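Report on the following structure.
The values are calculated or read from the model by the stated rules, or taken from the named source; none is laboratory data. The structure displayed is predicted, hence computed values, not measured ones. Counting neighbours? That spans all protein chains shown, and the Cβs are built from the backbone with ideal geometry, glycine included.
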Amino acid sequence: MKRACKLFFFIFIVIALSPGCSSNTQFAAKPQELVDYVNPYMGNISHLLVPTYPTVHLPNSMLRVYPERGDYTGDLLNGLPIAVTSHRGSSAFNLSTFQGTESELKPVIPYSYDREKITPYDYYVYLDEEETSVYYAVSNQSGIYALNFDRTDPLFVILNSRRGELKWDGKAFSGYQQLQNNTRIFVYMEPDVQPQSVKNETASGTNAHIVLSYPPNTMRLNLRYGISFIDAEQAKKNLAREIPDFDAKAVAEKGRKVWNEILGKIKVDGGSENDRAVFYTSLYRTYERPVCISEDGRYFSAFDGNIHNDNGTPFYTDDWIWDTYRATHPLRVLIEADMESDILNSFLRMAEQMPEFWWPTFPEITGDSRRMNSNHGIATVIDGYIKGLENIDLAKKYPAMRNAIMKKTLAPWSAKPSGELDRFYHENGYIPALREGEKETIPEVHGFEKRQPVAVTLGTAYDQWCLAQIAKELGEMEDYAYFLQKSYNYRNLYNAETGFFHPKDKQGNFIEPFDYKFSGGMGAREYYGENNAWTYRWDVQHNVADLIHLMGGREKFIQNLDQTFREPLGRSKYEFYAQLPDQTGNVGQFSMANEPSLHIPYLYNYAGEPWKTQKRIRKLVTEWFRNDLMGVPGDEDGGGMSAFVVFSQMGFYPVTPGSPTYNIGSPFFDEVTMQLGNGKTLRIVAQNNSENNKYIQSARLNGKEWTKPWFSHEDIRNGGTLELVMGDKANRSWGTAPQDAPPSEGIKNN
C-alpha cells in the first residue's frame with residue numbers, strides 16, 4: 001500500500017534530558033549484540049516514495065517516535081518527537097526548547113541539526129544553533145528526554161498543540177490532541193526542574209501553546225512523559241508504571257534488553273555482516289505494528305468511540321492488512337503465536353464494535369479506514385487456525401468475515417454496504433470495467449481509487465477460497481461448496497489468447513484496444529490497482545496449479561514467468577513511473593517494491609524449475625534490500641515487505657496464507673535457528689553455503705531425504721531440521737517432479 005495521500009497522525013513533543021547524559025558518553029562501544037545489527041536508516045531514501053522512517057519503539061508498543069522532518073534529507077527538525085500514532089504526517093503535540101529573547105518565540109521551533117544517531121530504543125541529536133544535545137529513550141507507553149545546553153541564555157520550553165487543549169498544573173503538562181473519528185491522544189509530562197515562570201497556564205485551539213521560562217545558566221533539563229488514548233490521568237499512570245524517575249540511560253538499557261530478547265527468537269550464523277544487518281533490520285520492522293493499546297486492562301476503541309475492558313486479552317490495532325497478511329502475519333504465527341491470536345481476536349472485537357458486523361480491512365488507531373482492495377484479513381484467520389493457533393474461535397469470527405464479502409461493498413477504499421457493483425459480481429463472477437470515457441455511476445466507487453475491477457475480482461476470489469476453508473472447518477458444507485466455486489472467479493477474466501487477466505465490460509466483452517502495461521490511468525486503477533497487468537497476471541495465490549493449466553502447461557507458465565522479468569518498461573523511466581509510481585524496483589515488468597509481487601519469484605517451484613526460484617530470490621534480495629539509505633525499493637508498508645526479506649533470507653516463504661505450506665527458496669545463512677511460539681525449535685542448515693553456492697543440490701527434512709521444493713507446517717510444528725546441500729550450479733532435477741510441486745486448490749472442470 002503506497003499512496004502518499006494516506007492520512008496518518010503524528011504526535012510530537014520535545015522532552016528533556018537526564019543528569020549526567022552527554023553526547024560524549026551515550027554511544028560508547030558495546031559488545032556486538034543482535035540489536036546492534038539493526039539500522040533504522042535502511043531505506044530512508046528511495047527512488048520515488050519514502051519507504052521507511054527511522055523509528056524508535058519497543059516491539060508492537062503504543063509509543064513510537066522518529067524525527068519530524070519531511071524525509072531523511074530534510075534540513076530542519078520541527079521540534080522533537082513525542083509519539084507517532086500512525087505512519088507519516090505532521091506532529092500533533094510539539095515541544096521546542098529555545099534560548100534567546102522572548103520576542104523571538106514561535107509555537108514550533110525549527111532546528112538545524114547534526115550528529116544524529118538512532119537505534120530501536122534510543123535517539124541522539126545535536127541542535128546546531130541552539131547548541132543543545134538531545135538524548136531520548138523509549139518505553140511502551142512513555143518516554144524520556146535528557147537535554148544538555150551549552151549556551152547560558154534564558155531558556156524557554158514551548159509545548160504546542162496544533163489542535164487540542166493543554167494546561168500546566170504547577171508540576172506537569174497535560175492535554176490532548178484531537179485526531180480523526182472522535183479519537184484523542186493524551187499526554188502527561190513532568191520536568192525534573194520546575195520553571196521560573198509560566199506563560200498561559202491553559203491553552204486551546206489551533207497552535208495553542210504554553211511556554212515555560214527557565215533562568216540563564218540552566219544547563220540540563222529532563223522531562224519524562226506518558227501517553228494515552230483514554231485520558232490524561234491514564235497517561236500519568238502509564239508514566240508512573242514504566243518510568244519512575246528521570247534516568248534516561250536506565251530506560252534505554254531496558255529497551256536494549258527487550259530488543260535483544262525479541263530479535264533472539266531467530267538467530268543466524270554465517271552470511272556477511274550486511275546480510276545480518278538487512279535481516280535483523282527487517283525483523284525489527286515487522287514489530288512496528290500492529291500496536292497494543294491496552295492500558296492497565298482498558299483500551300479506547302475508535303471503532304465505537306468507547307473505553308472497554310480488555311478482560312485480560314490485549315487489544316491491537318494499526319495493522320495494514322492488505323500488506324501484512326502475505327508474510328508478516330505468517331511470521332508471527334511461527335514466532336509470536338500468542339500475540340497473533342490476540343491480534344486476530346482484536347479483529348473480532350473491532351467487527352463487534354462497528355455499526356455493521358463486518359471484518360476490518362485496514363484497522364488504524366482512528367478506526368477502520370477500509371483502504372486498499374479486497375478483505376485479506378480473512379486469510380490471516382484461516383492461516384493462523386490451520387497452523388494450530390490456540391483461542392481462534394472460527395464460529396464467532398465467520399459471520400463477520402462472511403458479511404465482509406457478501407454485505408459490504410467490494411469497491412476499494414469504501415465502507416458502504418453492497419450495491420449494484422456487488423450484485424453484478426455475485427451474479428456474474430467478476431467486477432465489470434468501464435470503457436475509456438464512460439462515466440462512473442456507482443456511488444460506492446471511490447473517485448480516485450476507481451473500481452480496480454481485475455484486482456478486486458482476483459483478490460475476492462482468493463478471499464472466497466479462504467472463506468471456503470473456514471466453512472469446511474465449521475462443517476458449513478453448503479457455504480464451502482458455494483465459496484469454493486466462487487474461488488475460481490478469476491477464470492472469468494482470463495484472456496486465453498493473450499495469457500493475461502483482462503478487464504471486461506458489463507456485457508462480458510473484453511475492453512479493447514488494451515495495453516497490459518499502461519491501460520488504466522494513474523496506478524492502472526481503472527482496471528488493476530497500483531500495479532499493471534504484468535503483476536496481476538500472477539495474482540492467483542490459492543490456485544497456482546489452475547493458473548498453470550490456464551496458461552497451457554508448465555513450459556508455457558515458465559516462459560511467461562521468465563518474460564515478466566525480461567519485458568522492457570515500454571517507456572522511459574520518467575514516463576513509466578509518472579503513471580505507475582508504486583511499481584518501482586523493476587526487473588523487467590516485475591516490481592520488487594509492491595506487495596502483490598512478493599510471491600512471484602517462488603512460482604517456479606510449482607512448474608518444475610525451483611532452481612530459478614533459488615537464483616531469483618538471491619539476486620532480488622541482494623540487489624534491492626541493502627544495508628544503506630536506499631536499501632528498500634519501495635514503500636515498506638508496516639512490515640509487509642520486511643517480512644518477505646526475513647522469510648527469504650531464512651530460505652522459505654508462505655506463498656498462500658491459508659494453506660499450511662511453505663515454499664523453499666535459497667537461504668542466505670549457514671544456519672538459522674528459530675524459536676517457535678510453542679517452545680520448539682526449527683533449524684535450517686545450509687551446507688557449503690556462500691554467495692555463489694545458492695543452488696540446492698539435495699535436501700533432508702527431519703532426517704529423511706527430501707525432494708520437494710516445499711514443506712508443510714505439520715512438518716515443523718513440533719520443531720524440525722531442514723538440511724540443504726548448496727552448490728554453485730543448478731541441480732535441475734531436484735524438486736522438479738510434478739508430484740513434488742507445492743499443493744494448491746487444483747484444476748476443476750467447468
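Descriptive notes on the structure:
- Residue that is surrounded by the fewest Cβ atoms within 10 Å (Cβ to Cβ) [pool: residues in segment 405-415 that are more than 11 Å from MET354 (Cβ to Cβ) and of a type in the set (A, V, I, L, M)]: MET406
- If you go through segment 714-750 and keep only what is part of a helix (DSSP H, G or I), among the charged types (D, E, K, R) and farther than 15 Å from ILE696 by Cβ, you end up with GLU714, ASP715.
- Test for ASN605: is it at pLDDT 95 or above and surrounded by fewer than 23 Cβ atoms within 10 Å (Cβ to Cβ): no
- Conditions (1) of a type outside the set (S, T, N, Q); (2) more than 16 Å from PRO432 (Cα to Cα); (3) surrounded by fewer than 24 Cβ atoms within 10 Å (Cβ to Cβ); (4) free of Cβ contacts under 8 Å to residues at least 60 places away in the same chain; number of the one not met by ILE548: (3)
- Some residue of segment 275-285 being aromatic (Phe, Trp, Tyr), surrounded by 23 or more Cβ atoms within 10 Å (Cβ to Cβ) and farther than 16 Å from GLY639 by Cα: no
- Matching residues in segment 192-250 - criterion: being assigned to a loop (DSSP other than H, G, I, E, B) and surrounded by 14 or more Cβ atoms within 10 Å (Cβ to Cβ): ASP192, VAL193, PRO195, THR218, PHE229, ILE230, ASP231, ILE243, PHE246, ASP247
- When segment 675-689 is filtered for residues that are over 25 Å from the mean Cα position of the chain (by Cα) and of a type in the set (Gly, Ala, Ser), the ones remaining, listed by number, are GLY679, ALA686.
- Pairs where the first residue, in segment 731-750, is free of Cβ contacts under 8 Å to residues at least 60 places away in the same chain and the second is part of a loop (DSSP other than H, G, I, E, B), C-beta under 7 Å, 6+ apart: ASP740/THR707; ASP740/LYS708; ASP740/PRO709
- Residue that is surrounded by the fewest Cβ atoms within 10 Å (Cβ to Cβ) [pool: residues in segment 416-451 that are part of a helix (DSSP H, G or I) and aromatic (Phe, Trp, Tyr)]: PHE424
- All of (1) within 20 Å of THR313 (Cα to Cα); (2) part of a loop (DSSP other than H, G, I, E, B) hold for THR380 with one exception: (2).
- Of the residues making up segment 574-617, those that are under 21 Å from the mean Cα position of the chain (by Cα), over 19 Å from LYS708 (Cβ atoms) and in a helix (DSSP H, G or I) number 4.
Conditions tested, residue by residue: (1) more than 16 Å from ILE617 (Cα to Cα); (2) outside the structural domain of LYS680 (by TED's automatic domain parsing); (3) among the hydrophobic types (A, V, I, L, M, F, W, C); (4) surrounded by 14 or more Cβ atoms within 10 Å (Cβ to Cβ).
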| site | (1), (2), (3), (4) |
| --- | --- |
| ILE696 | no, no, yes, yes |
| GLU705 | yes, no, no, no |
| PRO709 | no, no, no, yes |
| GLU714 | yes, no, no, no |
| GLY719 | yes, no, no, yes |
| MET726 | no, no, yes, yes |
| LYS729 | no, no, no, no |
| GLU745 | yes, yes, no, yes |
| ASN749 | yes, yes, no, no |
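- The set of residues in segment 249-258 being more than 15 Å from TYR123 (Cα to Cα) and within 22 Å of the chain's Cα centre (by Cα) consists of VAL258 alone.
- Residues that are of a type in the set (Val, Ile, Thr) and either touching a residue at least 40 places away in the same chain (Cβ under 8 Å) or in a helix (DSSP H, G or I) (or both) within segment 308-365 comprise THR317, ILE321, THR324, THR328, VAL333, ILE335, ILE343, THR361, ILE365, listed in sequence order.
- Members of segment 124-151 that are more than 15 Å from GLY79 (Cα to Cα) and among the polar types (S, T, N, Q): SER139, ASN140, GLN141, SER142, ASN148
- Filter result for GLU636 (among the acidic types (Asp, Glu) and over 28 Å from LYS117 (Cα atoms)): no
- Residue match in segment 679-689 (condition: hydroxyl-bearing (Ser, Thr, Tyr), free of Cβ contacts under 8 Å to residues at least 40 places away in the same chain and over 26 Å from GLY608 (Cβ atoms)): yes
- Breaking point among (1) outside any strand (DSSP E or B); (2) modelled with pLDDT of 95 or more, for GLU129: (2)
- Considering the conditions (1) part of a loop (DSSP other than H, G, I, E, B); (2) surrounded by 24 or more Cβ atoms within 10 Å (Cβ to Cβ); (3) not acidic (Asp, Glu), PHE647 is excluded by exactly one of them, (1).
- For segment 622-680, a tally of residues being charged (D, E, K, R) and not assigned by TED's automatic domain parsing to the domain that holds LEU724 returns 6.
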